[in-house]
Amino acid sequence: MKNIHILLVEDNEGDIILTQEALEDSKFINTVDVARNGKEAIDYLKRSEGYSKALEPDLILLDINLPIMSGHEVLLEIKNDEKLKHIPVIMLTTSSSDTDINKAYDNHANCYISKPVDIDEFMKAVAGIEHFWFSIVRLPNVKS
C-alpha cells in the first residue's frame, strides 16, 4: 500500500492534535507533516529555509486563518506554481463565509470543508476526507 503524505497547515494546536488522531485511525499508512503558519507552508513546499529534505505531499489540508501569510495567500501561491499546482488542496477551516468559500474556489481549491465544532463530527469529517481522497479519487503521480 502506498504511503500517503499529508501536509497539514494549521496554527491551532487542538485542531492539529485532533486531525492527527483522526488520521492515525486511518486504513492507510500516513505521514503527516505540520506547518503552523503560511510562510512555513510555502518554505516546506518549496524546500527552502531548512526544508531541503521535505517530501512533496500527496494532499494539503489548509486552514484560512493563519499567521504571517493567510491560507488564501498560500493557496494562490501553490496554484500559481508549476511545480506545486497539481497537489490537491483542501481548505479545512472554521470559516463558513461565502466570501471565503468563493475566494478559495476562485483560487482553485480542490474542495472546501468548514470544520465541525463537535469533536465527533470533526473526526468523521477528517475520516471522510481520507476515504474520499485515498479510496475513491486517483491522485496525480507527479513528484518534483
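The values are calculated or read from the model by the stated rules, or taken from the named source; none is laboratory data. Everything quoted here is computed from the prediction, not taken from an experiment. We place every Cβ from the backbone using ideal geometry, glycine too, and count neighbours over all the protein chains shown. Surface accessibility is based on the protein's heavy atoms, side chains included, excluding ligands, DNA and RNA. Shrake-Rupley method; radii C 1.70, N 1.55, O 1.52, S 1.80 Å.
Counting the residues of region 69-105 that are free of Cβ contacts under 8 Å to residues at least 60 places away in the same chain, open to solvent by 80 Å² or more (accessible area, probe 1.4 Å) and either under 21 Å from Pro57 (Cβ atoms) or not in a helix (DSSP H, G or I) (or both) gives 7. Of all the residues in region 9-23, those that are touching a helix residue (DSSP H, G or I) at 6+ places or on another chain (Cβ under 8 Å) and modelled with pLDDT of 95 or more number 2. Can you go through Lys103, Lys53 and tell me which one is over 13 Å from the mean Cα position of the chain (by Cα), modelled with pLDDT under 95 and among the basic types (Lys, Arg)? Going through Lys103, Lys53 in turn, the sole match is Lys53. I'd like to check something: does region 106-114 contain any residue that is open to solvent by less than 50 Å² (accessible area, probe 1.4 Å), outside any strand (DSSP E or B) and in contact (Cβ under 8 Å) with a residue 24 or more places away in the chain? Yes. Between a first residue in region 115-144 that is free of Cβ contacts under 8 Å to residues at least 40 places away in the same chain and closer than 20 Å to Ile101 by Cα and a second residue that is in a helix (DSSP H, G or I) and open to solvent by less than 40 Å² (accessible area, probe 1.4 Å), which pairs have beta carbons less than 6 Å apart while being 6 or more apart in sequence or on different chains? Note: pairs meeting the criteria are Pro116/Phe122; Pro116/Ala125.
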